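Below: the structure, in structure tokens.
The values are calculated or read from the model by the stated rules, or taken from the named source; none is laboratory data. In this text, all values refer to a predicted model and were calculated from it rather than measured experimentally. Cβ placement follows ideal geometry from the backbone for every residue including glycine, while neighbour counts extend to all protein chains displayed.
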Amino acid sequence: MDSKTIILLIFISILSYQLHCCTAQPWTKAGYWYAGSESPIPDINSALFTHLICGFANVSSTTYQLSIPLEQEQYFSSFTNIVKSKNPSVITLLSIWNGQATTAKAILGEKVNTSVLSSMLNQSSYRRSFIESSIKTARQYGFQGIDLFWLWPNTASDMTNMGILLDEWRAAVDSESRNSSESKLILTMALYYLPSFEFGSYPIGSIQRNMDWAHVVAYDYHLPLNEKFIHAHAVLYDPSSNVSTDYGIRGWLAKGFPPNKLVFGLPYHGYAWTLVNPKENAIGAPSSGRAETEDGSMSYKYIKSYIRGYNAKTIFNATFVMNYCIIGSTWINFDDVESIRAKISYAKQKNLRGYNVFLVSNDDNWMLSQAAQEEDNGPEKKRRLLLIIMLPTALIIIILAFMMYYIRDRVLKSKGMIILGNRSPSQRVNNTLDSENLDSNDPNPKALSLSTIKVATNDFSSANKLGEGGFGPVYKGILPRGQEIAVKRLSKTSTQGHEEFANEVAFTARLQHINLVRVLGFCIEGDEKMLIYEYMPNKSLDLYLYDPIRQHVLDWRKRVHIIEGITQGLLYLQEYSNFTIIHRDLKASNILLDKDMNPKISDFGMAKLFGKDEHEANTDRIVGTYGYVPPEYVRKGVYSMKYDVYSFGVLLLQIISGKRNSCYYGTRETLTLLEYAYEKWIVGKFEEKDGICFGEMGLSVICIK
């Protein structure tokens, strides 16, 4: 075999490998966002995902057409545009479920005798109405795909009819795309972790044929409302039973379901159990039921905040692949960074398509999503990248050798020079203050050096970490003469940035009031941006309102004192300062408490300057926290002084009731706290029920009316 043939074969091999790398199935990184959560859409770090699923649309029990809850319509209509502003390539999907109450029963493992989706499957006219409405609704709100979140089909006929539905659905989607200029909608669905029920199996052939991919709901196996012995709700392995994700995934693959259409479900939540005996805390220990919340469920963000509040230790169990912590008689199980990495590694070993998060808003400063991303960029990807670089390089060397062999009588000299422009890095000159203390009475924030802050915070040690927010982590620091400070450090993954940083420094320099948190200094060195605040030893108000132990510290005298302080701070911002300031993020976590429990409004990163003669203004950037934002602001981008009044009304309601506005109330548990209080106020039937005192809620209802 001559040299030319050898080189040709090498070239074809390399080209084939490169083509394979380019056409390989992309790794799916999907996540659910629930419109009923407290997390605003702009806070989603969409750069960490390839697909984002907005949930949930309901199905009418009479027409079998989709309906969007009226109070959530504004979020569905803006979802795609907002998440694509940060990541234009992210694909958005509309998710349909079986209704809140029915889905909740399915998660608890309760049999559902009748459901709207089950009824819809029975007749072709019902299915047609559902299919046409789903396509129309997805297009209307700008979604690029549709997701079906149905965890518990009822009967064998449901399974058979589901297969028919999926065939008809795919045919309709393909036809709609052919007859329009629109790209084809993606179809996905959620699957129970097992492929078979006692009455039959999923229509695997139809799912494989018609769905772009399906995601296994690999969590909520063991719940404190159902069981009397503690167990992790999302175990990857279980040596003592078949209730595990590994058993379920192997079951799906054994049934012939293709791994490249199977997506691994990752829970960003956990459950709190009450131990009968705190000394007996291994898996299988007796439990008296749930802890902390109504069903024991806790978001990852809440769990991490809870653990930091008690300075508790988190333990990773490699046998089951789960994390847990013990605080008194409370046992909390969840997936932390170690578990997420292990599960991503498992999904790759099984050649699955990717992972799907439930819910993205439960993440704590995107720690879990980053861990999943890092595992995705692991050794296998690095080896592939190395081969992609090395093989073409080897080909070039071989070609050059071949040319030198055949052209002996010529000497090729190639001289090249790459001229690199010398660019001086932009420098900011900081007149850093390296004195031993900051003057808390000086209205002008001072610049501190990075070295000074590192010494004060013990080089940002975890022991000094107070918490973490959208801006980044906050650390306690002590200056040489003993002055305590709080240092807020901008995270590299933060969705907030230079504008919010500048806002915080500029506004706090202008505003001086006893009920506003003071910014004492700042630091800008290289990539580092930090704000230095007066230290608040009692942390934030939300840690007391919703904690079953700490809430007893807030007797009615203290609550009234806190309300008065917030009122004074808000009045100063809107009426008595030289500048009218709209805070735009007034909530319990932004109310800090000093050593005497005096409230101070903090975090002016989202604030806006408002003219004294202005009544309202518009913005195309929607910010704030879901549940505290006035409806007209989300719908039209209109904000005014009423924005903070509305937020104050919500906050006042929470201070009085001690309840989150993300829970549901009323006889059917379908009303938010705001809706429930308003309903009681309208009919004049205030009463004390479930620990909620509504006798003093008239003012808060007027604020949100």
Next on the checklist: Can you say whether I591 is touching a Pro at 6+ places or on another chain (Cβ under 6 Å), at pLDDT 75 or above and not polar (S, T, N, Q), as far as the supplied structure shows?
Outcome noted: yes
Item to check | Residues satisfying the stated conditions in region 49-73, i.e. assigned to a helix (DSSP H, G or I) and surrounded by 14 or more Cβ atoms within 10 Å (Cβ to Cβ) | outcome: Q72, E73
Item to check | Scan of region 152-165 for residues that are farther than 27 Å from Y221 by Cα and buried (at least 19 other Cβ atoms within 10 Å of the Cβ), ordered by number | outcome: L165
Checklist entry - Name the residues in region 253-292 that are under 28 Å from A190 (Cα atoms), aliphatic (A, V, I, L, M) and surrounded by 21 or more Cβ atoms within 10 Å (Cβ to Cβ), would you? => result L262, V263, L266, A272
Checklist entry - Of all residues in region 517-535, which are part of a loop (DSSP other than H, G, I, E, B), over 16 Å from A456 (Cβ atoms) and either in contact with a Leu (Cβ under 7 Å, 6 or more places away or on another chain) or at pLDDT 90 or above (or both)? => result V517
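Residue by residue, here is whether (1) hydroxyl-bearing (S, T, Y); (2) over 25 Å from H51 (Cβ atoms); (3) not in a loop (DSSP other than H, G, I, E, B) holds:
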position	(1), (2), (3)
S206	yes, no, yes
L223	no, yes, no
H231	no, yes, no
I249	no, no, yes
L253	no, no, yes
P278	no, yes, no
Checklist entry - touching a residue at least 24 places away in the same chain (Cβ under 8 Å), surrounded by fewer than 16 Cβ atoms within 10 Å (Cβ to Cβ) and either of a type in the set (K, R) or in contact with a strand residue (DSSP E or B) (Cβ under 8 Å, 6 or more places away or on another chain) (or both): does that describe P537? => result yes
Checklist entry - Right, T102: in a helix (DSSP H, G or I), surrounded by fewer than 21 Cβ atoms within 10 Å (Cβ to Cβ), in contact with a Ser or Thr (Cβ under 8 Å, 6 or more places away or on another chain) and at pLDDT below 95 or not? => result yes
Checklist entry - Within the set of pairs 6 or more residues apart or between chains, which connect a residue that is closer than 17 Å to T50 by Cβ inside region 138-150 to a residue that is of a type in the set (G, A, S) and not in a strand (DSSP E or B) with Cβ atoms less than 7 Å apart? => result I146/S134; I146/A138
Checklist entry - Given region 442-489, what strands (runs of 3 or more DSSP E) lie entirely inside it while holding 3 or more residues that are within 20 Å of K301 (Cα to Cα)? => result 465-468, 473-478
Checklist entry - In region 133-153, is there at least one residue being of a type in the set (S, T, N, Q) and over 33 Å from the mean Cα position of the chain (by Cα)? => result no
